[in-house]
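The structure appears right after this line, and notes come after that.
The values are calculated or read from the model by the stated rules, or taken from the named source; none is laboratory data. Since the model is a prediction, treat every value here as computed from it, not as a measurement. Methodologically, a virtual Cβ is constructed for each residue, glycine included, from the backbone with ideal geometry; neighbour enumeration extends over all protein chains shown. Calculation scope for accessible area: heavy atoms of the full protein, side chains included, ligands and nucleic acids excluded. Shrake-Rupley method; radii C 1.70, N 1.55, O 1.52, S 1.80 Å.
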Amino acid sequence: MDGKKTILIVEDHTIVREGLKALLEMDPDLEVTGEAEDGHQAVKLAIKLEPDLILMDLAMPRMHGLQAVREISKRSQHSRILVLTVHKDEEYILASFKAGAQGYVLKDATHAELKMAIKTVLSGKRYVTPDISDLIIDGFVEGRRQELPSSAWESLTPREQEILKLVAEGNRNRQIANLLCISPKTVERHRANLMKKLNIHNATALTAMAIDKGLVSI
């Protein structure tokens, strides 16, 4: 790397953020120039500081990390984004790269691996933690990812897509029922049907699917 590279740390836990800063600044080639504790702050600082690299957690208050990645990718062409998270789910990984991240590393990584991930991303390459299959990301990035059969997605009714959107926005069944003026049992039935059709069995995966299909505005 030529010259000292600037880093913005996005992490809502103060003790973790301070630990990362101390760890990173042990490297003479790196300088932490900003810290953000939520997604909105991350976007503002990314635009203001234009750091070389943004170390981004996903579980963030006010604005989810995926939304922040998407916004930063649109507004700050200079900064590269390395996701640092506890999430090993394929849906999170694929959604992160689709949103604009260049790297994905787990929080249980060693200092040596984090350093390697940072330098790899700063060099213009992609990085994926070894615990995650490279084939998953390569297939997604190269456009070879096995797509959900169109018949499965197209089989969702307008109501099921509406409920999928509301689930992805963080609403619980009772809240969805109130918004749509239907019973919670009806929401449960629609939700079960769409999960069966998509072969998806948890809210995290549903959220990633909604983002992937553009149902959630970010």
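Have a look at Q102, Q67, Q41 and point out the one that is polar (S, T, N, Q), within 20 Å of G3 (Cβ to Cβ) and within 17 Å of the chain's Cα centre (by Cα). Just one listed residue meets the conditions, Q102.
Scoring R62 on the criteria (1) closer than 16 Å to T207 by Cβ; (2) at pLDDT below 85 leaves a single failure, condition (1). Scoring R62 on the criteria (1) part of a loop (DSSP other than H, G, I, E, B); (2) open to solvent by less than 20 Å² (accessible area, probe 1.4 Å) leaves a single failure, condition (2). For region 9-19, residues that are among the aliphatic types (A, V, I, L, M) and open to solvent by 80 Å² or more (accessible area, probe 1.4 Å) total 1. Residues in region 20-49 that are small (G, A, S) and crowded, with 18+ Cβ neighbours inside 10 Å: G34, A36, G39, A42, A46.
Being buried (at least 20 other Cβ atoms within 10 Å of the Cβ) and more than 16 Å from L58 (Cβ to Cβ), is that true of even one residue in region 98-113? No: zero hits. Search region 168-190 for residues being open to solvent by 50 Å² or more (accessible area, probe 1.4 Å) and part of a helix (DSSP H, G or I), and hand back the single one that is modelled with the lowest pLDDT. Checked region 168-190; the qualifying residue modelled with the lowest pLDDT is L179. Among the residues of region 189-205, those identified as closer than 15 Å to E162 by Cβ, touching a residue at least 12 places away in the same chain (Cβ under 8 Å) and not aliphatic (A, V, I, L, M) are H190, R191, N193, K197.
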